[in-house]
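Asks: This is the structure I want to talk about, given as C-alpha cells.
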Amino acid sequence: MHAKALTLSILAITLLTAACSAPEKTRWNRPGGGTGPKPSDLAACRADADRRAEREFQLETDPRGDRDFASYGSLATELARRDAKRYRQRIYDQCLRSLGYERQPSSR
C-alpha cells in the first residue's frame, strides 16, 4: 500500500514538473505599466499551483478500495492527471490575476 502511494506521488511530481517546464504561452502584464510579472511573482504562483494541484491529484487517486488506480496508466489515473494539470493552470492564472496582472493575447 505504501509503495503505491509513493509511486503515485512520484508520478504526480513528474507530471507537475513537466508542466512547469513548458514555455509560457500566455503573456501577463500589469495594466498601464506594460511590464511583465516579476520572477518572484511567477515563482510564488507556480509553487502554490504545484502544491495545490499535487494535493488534488493525491485526493483523486487515493487508492482506498478503488482498483482503477492500482496500475500506472489506468484510465482513471490518466484522467486524474489531466484534471490536475488543468487545475494547476487555473490556480496559476488566478494567482497572477490576484497580484494585479492581466492576460495579454499571445503573439505568434
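Asks: Would a scan of the stretch 77-94 turn up a residue that is under 20 Å from ARG27 (Cβ atoms), at pLDDT 75 or above and part of a loop (DSSP other than H, G, I, E, B)?
Replies: No, that holds for no residue.
Asks: For residues that are at pLDDT below 85 and in a loop (DSSP other than H, G, I, E, B), tally how many sit in the stretch 95-108. So that I can check it myself, show each step before the final result.
Replies: Step one: filter the stretch 95-108 for residues at pLDDT below 85, giving 104-108.
Then keep just the ones that are in a loop (DSSP other than H, G, I, E, B); that gives 105-108.
The total comes to 4.
Asks: Kindly establish whether GLY73 is part of a loop (DSSP other than H, G, I, E, B), small (Gly, Ala, Ser) and modelled with pLDDT of 70 or more.
Replies: Working: part of a loop (DSSP other than H, G, I, E, B): yes; small (Gly, Ala, Ser): yes; modelled with pLDDT of 70 or more: no.
No, not satisfied.
Listed here are the residues, each with its yes/no results for (1) surrounded by 13 or more Cβ atoms within 10 Å (Cβ to Cβ); (2) of a type in the set (Val, Ile, Thr); (3) at pLDDT 65 or above.
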| residue | (1), (2), (3) |
| --- | --- |
| HIS2 | no, no, no |
| LEU6 | no, no, no |
| GLU24 | no, no, no |
| ASN29 | yes, no, yes |
| PRO37 | yes, no, yes |
| ALA43 | no, no, yes |
| PHE57 | yes, no, yes |
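The values are calculated or read from the model by the stated rules, or taken from the named source; none is laboratory data. These figures come from a predicted structure and were not determined experimentally. Reconstructed Cβ throughout: ideal geometry from the backbone, glycine too, with neighbour counts over all protein chains shown.
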